[in-house]
Amino acid sequence: MKATKTTITQRIDEVLRIRLDGAAFHDIVQYVAEKGWGLKERQTRNYIRKADDLLVDRRQRSRK
């Protein structure tokens, strides 16, 4: 079953939060599995990349 845009946004926010807490890739893979999101490794990497992009975007806006 495909996730909705809202669900994806919430998941990316969760990944961002745990990344800020110092989680590495293997920690995020474990977190995703525990949450039962049913993601493959590639999709997990995409979520991490989007979370990292979101962090960069937020930092740039706060500097202006």
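For the reader, a short list of remarks on this structure follows.
- Kirkwood hydrodynamic radius (C-alpha pairs) into Stokes-Einstein, the chain, 20 °C and 1.002 mPa s, D in µm²/s: 176 µm²/s
- Accessible area expressed per residue, the chain, with surrounding protein chains retained (probe 1.4 Å, Å²): 79 Å²
- Per-atom-type breakdown for the chain gives carbon and sulfur 49% of the accessible area (1.4 Å probe, protein chains only).
- Using only side-chain charges placed at the Cβ, +1 for Lys and Arg and -1 for Asp and Glu, the dipole size of the chain relative to its Cα centre rounds to 380 debye.
- Label-point separation, Q30 to K2 (7 Å along Cα→Cβ), nm: 3.3 nm
The values are calculated or read from the model by the stated rules, or taken from the named source; none is laboratory data. Everything numeric here is computed off the predicted structure, so don't read it as measured data. Virtual Cβ from ideal backbone geometry, glycine too; neighbours counted across all protein chains shown. Note: areas computed on protein heavy atoms with side chains; ligands, DNA, RNA excluded. Shrake-Rupley method; radii C 1.70, N 1.55, O 1.52, S 1.80 Å.
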